[in-house]
1. Return the residues of segment 44-80 that are open to solvent by 10 Å² or more (accessible area, probe 1.4 Å), within 20 Å of Lys137 (Cβ to Cβ) and assigned to a helix (DSSP H, G or I); say none if nothing qualifies.
2. Can you name every residue in segment 225-255 that is more than 12 Å from the ligand (Cβ to nearest atom) and within 15 Å of the chain's Cα centre (by Cα)?
3. Among the residues of segment 70-80, which ones are within 15 Å of the chain's Cα centre (by Cα) and within 13 Å of the ligand (Cβ to nearest atom)?
4. Only one of these is part of a strand (DSSP E or B) and touching a Leu at 6+ places or on another chain (Cβ under 9 Å): Leu122, Leu109. Name it.
5. Which ones in segment 1-15 are buried (at least 18 other Cβ atoms within 10 Å of the Cβ) and hydroxyl-bearing (Ser, Thr, Tyr)?
6. Restrict the check to segment 16-30 and report whether at least one residue is among the hydrophobic types (A, V, I, L, M, F, W, C), out of contact with any His (no Cβ under 8 Å at 6 or more places or on another chain) and crowded, with 24+ Cβ neighbours inside 10 Å.
7. Could you check, for segment 29-43, whether at least one of its residues is assigned to a loop (DSSP other than H, G, I, E, B) and modelled with pLDDT of 95 or more?
8. Quick check: is even one residue across segment 209-224 more than 13 Å from the ligand (Cβ to nearest atom), out of contact with any Phe, Trp or Tyr (no Cβ under 6 Å at 6 or more places or on another chain) and under 16 Å from Phe66 (Cβ atoms)?
Amino acid sequence: MQKISLAIHGGAGTILKEDMTPELEKAYLKGLEDALSAGYAVLEEGGSSANAVKAAIVILEDNMLFNAGRGSVFTKKGVQEMDAAIMDGKDLSAGAVAGVRNVRNPIELAMEVMRNSNHVFLSGKGANDFAIKQGIKLEPDEFFFSQFRYDQWKQLRDSDNYSLDHTHQHLEELMKDKKFGTVGAVACDCNGNIAAATSTGGMTNKKYGRIGDSPIIGAGTYANDKTCAISCTGHGEPFIRSVAAYDVSCLMEYKGMNLSEAMNEVVNIKLPKLDGEGGMIGVDAEGNVALVFNSAGMYRGARSSDGTNFVGIYKDNV
Ligand code: ASP
């Protein structure tokens, strides 16, 4: 019988237990549980993997704790510019947006690009115009604002540094974790079709219209029923240079590796050679799931009809 599975991430990085408070840890775990439940419900009802990953991502985008949608980080200019992508492994259709503003759920816009445009990748003002035309929900700047991200940005804005959502102090020491914060989901549905989606605010203090790996098909997001569906998180530049998500697919297709072997090769062998810190989640068309990271932690979770049901943050969690 076809196994249905969903895996999610909420960013990878230097997430250490000693930097976390019990309250914050609970809030993160609940955010992950909520996203898993939303996405898995779609799969249980016989819905498609694309709809399942979108449902999970919407919950994470709406959750202020994660660097995507509401609660995204600030750019050098003090605004929030968001990137997102979705890919359907059934027919290799894909949709992505970069540098969009005021779009409540960038993943919905990416889905709209995939389903209702003749294009794959829209950026900036044009992507926003498309959102308006398609009736995608917009929100004012205040909706996306979080004091914590703002304070984080204030510490960097006069420098040329950008940060992968590294936090410094503030939010009453609550959010002392150093993490990347992007969100992602991959799923396998009851027809053995797989899909991947990723959404992010990118990096604090980013400038010049910097775009990371998340919305780039093949780098941060990729899905192909023949091999795997992958969503990445981490320092975007090395993930782009190593075409990380597609490389996992290639290792499976051309070298005959299984999902975990291929992900392990990319995350633990290839990316470290480029100083690429981070991780990825993946599924294959049999519903096998893998969550692999080379950083101290990765917000993550997985649920599957074989009984798997797990959320975790640190390395020592399964
Ligand atoms: N990969 C994302 C980027 O570079 C950051 C992240 O994963 O948190 O924009």
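The values are calculated or read from the model by the stated rules, or taken from the named source; none is laboratory data. Quantities reported herein were computed from a predicted structural model and do not represent experimental measurements. FYI the Cβ positions are ideal-geometry reconstructions off the backbone, even for glycines, and counts take in every protein chain you see. Protein only, heavy atoms only, side chains kept; ligands, DNA and RNA dropped before computing areas. Shrake-Rupley method; radii C 1.70, N 1.55, O 1.52, S 1.80 Å.
1. If the condition is that a residue be open to solvent by 10 Å² or more (accessible area, probe 1.4 Å), within 20 Å of Lys137 (Cβ to Cβ) and assigned to a helix (DSSP H, G or I), then Asn51, Lys54, Ala55, Val58, Ile59, Asp62 are the ones that fit.
2. Passing the criteria: Ala229, Ile230.
3. Within segment 70-80, Gly71, Ser72, Val73 meet the criteria.
4. It is Leu122.
5. Matches in segment 1-15: Ser5 only.
6. No, that holds for no residue.
7. Scanning segment 29-43 turns up no residue that is assigned to a loop (DSSP other than H, G, I, E, B) and modelled with pLDDT of 95 or more.
8. Filtering segment 209-224 for residues more than 13 Å from the ligand (Cβ to nearest atom) gives 217-218, 222-224.
Checking which are out of contact with any Phe, Trp or Tyr (no Cβ under 6 Å at 6 or more places or on another chain) leaves us with 217, 223-224.
Now drop any that are not under 16 Å from Phe66 (Cβ atoms), which leaves none.
No, there is no match, as no residue in segment 209-224 is more than 13 Å from the ligand (Cβ to nearest atom), out of contact with any Phe, Trp or Tyr (no Cβ under 6 Å at 6 or more places or on another chain) and under 16 Å from Phe66 (Cβ atoms).
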